[in-house]
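Since the structure comes first, as structure tokens, the remarks are kept for the end.
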Amino acid sequence: MFKEKFSEGIITAKQFDREDIEYILKKGNEMMKIKNSNLLHGKILATLFFEPSTRTRLSFESAMYRLGGNVIGFHSGDVSSIKKGETIADTIRTVENYSDCIVMRHSLEGAARMASKFTKIPIINAGSGSGEHPTQALLDLLTITEEIGPLDGLNIGIMGDLKYGRTVHSLSILLSNFDVNIYFISPESLRMRNRDIDFLQQHKIQYKEITNYRKILNILDVLYMTRIQKERFVDIEEYEKLKNFYIFREDDLDDTKDNFKLLHPLPRVLEISPEVDASKKAIYFKQTFYGIPMRKAILAELMTD
Ligand code: NCD
């Protein structure tokens, strides 16, 4: 059922309803119990990364190898024929002949959707400009459900660059399927974009937009922090003004609930002080672990015959 519904791949978090999310979280949980298997033996995954990546590309590749499959790909547009002027469409039409599924990251917001129009094999959006990063959001939910428990009833703060941060767009779309209270915390100029807010309003999600996180720290179950997305700023001086806007420090933890958890998709730059890392409440490195079972689950669903 999942395979049929997602036959074009995973382009946006909007493809998922609550049932789909619960299904893939269950599959992610099951994948934690089997480290290696031969489920995708003989299958080939292509990873086409036109933008930098550490966790997303390596965890997709590791997940594919752990399922017994193989990987081809490139980690920069500079080493592919895109550099010679080839279009994304022609690249996709070619790579389709060499692989069973394509994971793609690109700086253009509509890139993954566009790519999916030129191929019959599934496309997985591994980050499309400031738009979306749906598989990161799925692994974020796996992290929360495994480390805290069911999503319904949680108070979740989402903080940082909410305008350009693609992970928070996908995360809030997925969360709109649950009964959660969201606090969007950002500088005024980096608030959630109207189109994202409109979607959440249509889905009747409970949210508030605020700037000072200290006011609500004591009620949060989860705080999901993000980096100010330097590469998306047109004006670098604007970035310089905002880059230190939030710095979560060790003493901030004193105001949090006992079972509070701090998440971050990483890379972290300045926004979480390194001394926070030692706290049990800081689970962003555990979060990187959950990328493997979640991506194994996704690859298995899309590629098993
Ligand atoms: C994020 C991304 O690329 O959008 N990283 C990731 O995939 N874990 C977050 C970011 O770059 O800030």
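The values are calculated or read from the model by the stated rules, or taken from the named source; none is laboratory data. What you are looking at is a predicted structure, and each value in this text was computed from that prediction instead of being measured. Cβ coordinates were reconstructed from backbone atoms using ideal geometry, including for glycine residues, and neighbour counts include every protein chain displayed. Each accessible area value is taken on the protein alone, full model and side chains, heavy atoms only, with ligands, DNA and RNA left out. Shrake-Rupley method; radii C 1.70, N 1.55, O 1.52, S 1.80 Å.
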In the list 86, 51, which residue meets the criterion of being touching a strand residue (DSSP E or B) at 6+ places or on another chain (Cβ under 7 Å), of a type in the set (Asp, Glu) and either touching a residue at least 40 places away in the same chain (Cβ under 8 Å) or at negative phi (or both)?
51
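Out of the residues in the stretch 277-305 that are charged (D, E, K, R) and part of a helix (DSSP H, G or I), state the one that is farthest from residue 69 (Cα to Cα). Steps first, answer last, please.
Here is the first cut: in the stretch 277-305, the ones charged (D, E, K, R) are 277, 280-281, 286, 295-296, 301, 305.
Narrowing further to those that are part of a helix (DSSP H, G or I): 277, 286, 295-296, 301.
Details: 277: 34, 286: 25, 295: 13, 296: 11, 301: 14 Å.
Among residues in the stretch 277-305 that are charged (D, E, K, R) and part of a helix (DSSP H, G or I), the one farthest from residue 69 (Cα to Cα) is 277.
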Test: residue in the stretch 204-216 that is in contact (Cβ under 8 Å) with a residue 40 or more places away in the chain and either farther than 23 Å from residue 283 by Cα or out of contact with any strand residue (DSSP E or B) (no Cβ under 6 Å at 6 or more places or on another chain) (or both):
yes
Within the stretch 180-201, residues being open to solvent by 10 Å² or more (accessible area, probe 1.4 Å), in a helix (DSSP H, G or I) and in contact (Cβ under 8 Å) with a residue 24 or more places away in the chain number 3
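Among 140, 152, 100, which is modelled with pLDDT of 95 or more, in the same structural domain as residue 222 (by TED's automatic domain parsing) and open to solvent by 20 Å² or more (accessible area, probe 1.4 Å)? Give the steps one after another, and end with the answer.
Values: 140 fails: open to solvent by 20 Å² or more (accessible area, probe 1.4 Å); 100 fails: in the same structural domain as residue 222 (by TED's automatic domain parsing).
Matching residue, one of 140, 152, 100: 152.
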Considering residues that are over 13 Å from residue 187 (Cα atoms), within 25 Å of the chain's Cα centre (by Cα) and either in a helix (DSSP H, G or I) or away from the ligand (no atom under 16 Å from the Cβ) (or both), the number found within the stretch 241-252 is 1
Hits in the stretch 208-227 (condition: outside any helix (DSSP H, G or I) and polar (S, T, N, Q))
211, 212, 226
State which residue pairs qualify: first residue over 13 Å from residue 290 (Cα atoms) and inside the stretch 24-41, second residue assigned to a helix (DSSP H, G or I) in any location, beta carbons under 6 Å apart, and separation of 6 or more residues or different chains.
36/66; 39/300; 40/303
Of these, 45, 25, 40, which one is part of a strand (DSSP E or B), more than 16 Å from the ligand (Cβ to nearest atom) and not assigned by TED's automatic domain parsing to the domain that holds residue 143?
45
Which condition number in (1) within 15 Å of the ligand (Cβ to nearest atom); (2) open to solvent by 30 Å² or more (accessible area, probe 1.4 Å); (3) on the phi > 0 side of the Ramachandran plot is the one that residue 204 fails?
(1)
Can you pull out the residues in the stretch 267-294 that are of a type in the set (A, V, I, L, M, F, W, C) and crowded, with 18+ Cβ neighbours inside 10 Å?
272, 276, 282, 283, 292, 294
